[in-house]
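**Student:** Let me give you the structure first, and then I'll get to my questions.
All of the numbers you see were taken from the coordinates with simple rules; none came from a lab. Source: prediction; values computed, not measured. No Cβ is skipped: glycine too gets one built from the backbone with ideal geometry, and neighbour counts run over all protein chains shown.
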Amino acid sequence: MIAFRVTAFLALCVTAHSGHAIQLTDSVKVSGGEIVGSQIEAIRSYLGIPYAAPPVGDLRWRAPQAVVPWTGIREARSFSPACAQTAAWLPNPKSEDCLYLNIWAPEKARNLPVLVWIHGGGFYGGTSAQPGYDGHNLAKRGVIVVTINYRLGIFGFFSHPELTAESPDKASGNQGIEDQIAALRWVKDNITAFGGDPRRVTIMGESAGGESVAILVASPLAKGFFQRAIAQSGNDALPINSDENGQFDRKTAESQGQALVKAVGGELLADLRGMSAETLQKTAWSPRTIVDGHVLREDLTTTYRYNRQNDVPLLVGWNAEEGKDLAPEILGTDDFTSANHRELVAKLLGYAPSARLLAAYPGTDDAQARASINQLTNDWWGWRMWYWAGLQAKYGRSKPYVYLFAHRPTEPLTPCGYGCGAGHGAEIQYVFDQLDLDPRPWSTSDRKLAARLADTWVNFARTGSPSGRGLPVWPKFNGSNASVLRLGDDAGLKMHGKLPDFSLFQR
């Protein structure tokens with residue numbers, strides 16, 4: 001549930017597709033009414049399309065409701081506000097009225113595969129309007145691209161006994177995931193009007209978006225709304241082992257919700273519905289998904305072992321240098337020293353480390369402790385993706401594909417911090433083939449990799465396999481190192497292409 005920070009990235013961005021004439025599209029009829037979008041070159045974009053009613057007032061924390069119809073033709077030519085959130089790295093506007101999606105489609109599209117992007121941001125930040133998620137260059141490859149907003153933070157992941165009682169499904173706490181499912185239902189009902197094939201929908205996401213993919217694959221509520229899934233660096237806590245269930249328990253989450261009501265001076269849920277978003281966001285609230293009995297009926301390990309997931313082709317992976325970005329956020333400190341090394345290792349893993357693991361990630365001095373924590377965090381993050389793929393490979397019908405992104409992008413013109421190198425989120429601009437949004441001196445290998453990854457992701461959406469004409473042969477994952485595809489140039493693979501010893505994490 002880690003944020004993909006974009007402050008520095010946004011500062012470097014230039015307006016996409018500048019210099020091209022923008023035209024109005026013909027109107028399209030969708031749930032709620034008619035819309036008109038914009039056309040640049042041969043790609044049409046429709047921005048800020050409502051897929052559910054605004055979740056405000058009495059609808060705050062309720063499951064998403066049907067779109068409110070409008071009269072006349074609605075302009076869908078600008079992004080909606082981001083969902084209300086506490087993320088300081090994302091500029092305004094932000095609003096609780098945020099359940100909108102965006103579409104990029106080739107002119108004269110017909111029966112094309114569909115890619116639905118779920119943004120990251122730790123479930124507390126982010127938006128579908130981030131420049132790096134622009135679907136123009138993917139759409140040029142013959143695919144429909146959809147990006148969605150969903151409720152975040154206390155508005156998207158809040159549980160309370162009153163909420164559970166008033167829900168027709170007797171569940172609360174996963175409102176943000178319910179929003180994602182509502183958006184997928186909208187896509188199924190409406191994407192044909194844009195030239196998309198509702199029988200070839202691929203969900204994809206990074207960080208919290210990747211974790212969302214894991215949940216959607218497991219959720220019975222999402223059945224039939226997608227046929228393939230891609231998760232990039234996003235399985236912080238899910239799938240889960242049964243001995244981790246406590247942190248995803250609904251009753252625990254409801255008790256925390258009751259405590260929050262008292263902390264802000266309220267007594268009943270109605271008191272919170274009457275408070276401003278700003279007041280509620282001043283409280284400390286750590287958003288997380290829970291096993292609520294509705295969106296998720298059990299821990300994901302059990303779901304996979306009994307093959308109760310939405311058994312679709314799966315492509316998952318992680319990056320080779322995410323640890324340096326993720327460790328301070330996961331551990332709540334960047335004070336990595338030899339004195340607190342064992343304590344931090346245990347906090348990261350959730351259990352006391354073995355002597356064998358400590359020998360592999362030693363901390364005899366401060367410099368070694370920092371390097372080990374960064375590497376251990378990276379490998380532990382990869383382990384979650386590896387474990388998930390292993391469950392699908394062992395119990396599922398559709399065998400998964402696994403990658404390690406080991407490419408080190410060309411350094412930017414200004415100092416680079418979070419997400420640099422093969423860090424957290426570094427692969428996104430390659431997948432969307434949007435290197436030109438960042439005016440760094442990209443190398444030929446950068447551009448070749450961006451073209452190849454965009455082609456690969458589109459081919460997976462089209463066929464359910466990442467292998468295709470002009471693309472590397474990608475083996476299906478069978479639990480061996482040889483079945484993992486390393487992505488990157490020769491220098492990156494030489495430096496970061498080695499896989500960890502995941503047996504160290506098995507209990």
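**Student:** Report the local net charge at Asn478: Lys and Arg +1, Asp and Glu -1, summed over other residues whose C-beta lies under 14 Å from its C-beta. Mind dumping the intermediate values first?
**Tutor:** Details: positive: Lys394, Lys399, Lys476; negative: none.
It works out to a net charge of +3.
**Student:** List, in order, the whole-Hz ³J(HN,Hα) value for each residue of region 172-177 obtained from phi through the Karplus relation with A = 6.51, B = -1.76, C = 1.60 and θ = phi - 60°; use x for Gly and Pro.
**Tutor:** 8, x, 10, 4, x, 6
**Student:** Using a simple charge model, +1 on the beta-carbon of Lys and Arg, -1 on the beta-carbon of Asp and Glu, nothing else, what dipole does region 450-507 show about its Cα centre, in debye to the nearest 20? Write out the running numbers ahead of the final one.
**Tutor:** Working: 8 positive and 4 negative charges, 29 e Å.
With only Lys, Arg, Asp and Glu charged at Cβ, the dipole is about 140 debye.
**Student:** Charges only on Cβ, +1 for Lys and Arg, -1 for Asp and Glu: so what's the dipole of region 214-353 about the Cα centre, in debye to the nearest 20? Intermediate results must be reported in sequence, preceding the final value.
**Tutor:** Values: 14 positive and 19 negative charges, 97 e Å.
Dipole of region 214-353, to the nearest 20 debye: 460 debye.
**Student:** Return the long-range amide H neighbours of Tyr401 (sequence gap of 5 or more, or a different chain), with a cut-off of under 5 Å between placed amide H atoms.
**Tutor:** Leu314, Leu315, Val316, Phe477
**Student:** Spelling out what I want: for every residue of region 388-396, take phi, set θ = phi - 60°, compute 6.51 cos²θ - 1.76 cosθ + 1.60 (Karplus), and round to whole Hz; glycine and proline get x.
**Tutor:** Each residue's phi maps through the Karplus curve to give 4, 4, x, 4, 5, 5, 7, 10, x Hz.
**Student:** Hey, got the dipole for the chain? About the Cα centre, +1 on K and R Cβ, -1 on D and E Cβ, debye to the nearest 20?
**Tutor:** Result for the chain is approximately 1540 debye, rounded to the nearest 20.
**Student:** From the backbone phi of region 366-373, what are the Karplus-calculated ³J(HN,Hα) couplings (6.51 cos²θ - 1.76 cosθ + 1.60, θ = phi - 60°) in whole Hz, Gly and Pro given as x?
**Tutor:** 3J(HN,Hα) across region 366-373, in whole Hz: 5, 5, 5, 4, 5, 4, 5, 5.
**Student:** 5 Å is the cut-off here: which amide hydrogens, built 1.01 Å from N in the peptide plane, fall below it relative to Arg408, excluding neighbours closer than 5 in sequence?
**Tutor:** Residues meeting the amide H criterion: Asp489, Gly492.
**Student:** Once you list every other residue whose beta carbon is under 13 Å from the beta carbon of Ala277, what net charge do they have if Lys and Arg are +1 and Asp and Glu are -1?
**Tutor:** Details: positive: Arg60, Lys94, Arg151, Arg273, Lys282; negative: Glu96, Asp97, Glu278.
Local net charge: +2.
**Student:** Run through the DSSP bridge list for region 94-191 and note the antiparallel percent, rounded to the nearest 5. It would help to have the intermediate numbers written out before the result.
**Tutor:** Numbers: 4 of 9 bridges.
Around 45 percent antiparallel, to the nearest 5.
**Student:** Let me ask you something else. What distance in nm separates the two pseudo spin-label positions at Asp97 and Lys170, each 7 Å out from Cα along the beta-carbon direction?
**Tutor:** It is 3.6 nm.
**Student:** From the C-alpha gyration tensor of region 337-470, pull out the three semi-axes of the equivalent ellipsoid (sqrt of 5λ each), sorted largest to smallest, in whole Å. Walk me through the numbers before you get to the answer.
**Tutor:** Values: eigenvalues 214, 117, 18 Å².
Ellipsoid half-lengths, sorted descending, are 33, 24, 9 Å.
**Student:** Which distance in Å, rounded to a whole number, links the C-alpha centroids of region 113-180 and region 47-68?
**Tutor:** Between the Cα centres of region 113-180 and region 47-68 lies a distance of 12 Å.
**Student:** Next question, about the same structure. Place +1 on the Cβ of every Lys and Arg and -1 on the Cβ of every Asp and Glu in the chain, take the dipole about the Cα centre, and give the residue among Phe123, Trp89, Asn340 whose Cα lies farthest towards its positive end.
**Tutor:** So the residue we want is Phe123.
**Student:** Placing +1 on the Cβ of each Lys and Arg and -1 on the Cβ of each Asp and Glu in region 382-477, which of Gly396, Leu453, Leu437 has its Cα farthest towards the positive end of the resulting dipole?
**Tutor:** Going by the Cα projections, it comes out as Gly396.
**Student:** Run the helix sum for the chain: -39,500 (n - 2.57) per DSSP H stretch of 4+ residues, divided by residue count, reported at 222 nm to the nearest 500 deg cm²/dmol.
**Tutor:** Values: 17 runs with 161 residues, N = 507.
Computed mean residue ellipticity for the chain: -9000 deg cm²/dmol.
**Student:** Another one. Figure the gain on full extension for Thr364 and Ala193 (residue separation times 0.36 nm, minus the Cα-Cα span) and round it to one decimal in nm.
**Tutor:** Residue separation times 0.36 nm, minus the Cα-Cα distance, leaves 55.4 nm.
**Student:** Could you tell me which label, among (i) 23.5, 74; (ii) 22.0, 69; (iii) 26.3, 93, carries the value of Rg and Dmax of the Cα atoms in Å calculated for this structure?
**Tutor:** (ii)
**Student:** What distance in nm lies between label points placed 7 Å from Cα along the C-beta direction at Lys223 and Asp26?
**Tutor:** Those two pseudo-labels are separated by 3.8 nm.
**Student:** Once fully extended, how much extra length lies between Arg273 and Lys448, figured as 0.36 nm per residue of separation less the alpha-carbon to alpha-carbon distance?
**Tutor:** Values: separation 175, 0.36 × 175 = 63.00 nm, distance 5.08 nm.
Length gained between Arg273 and Lys448: 57.9 nm.
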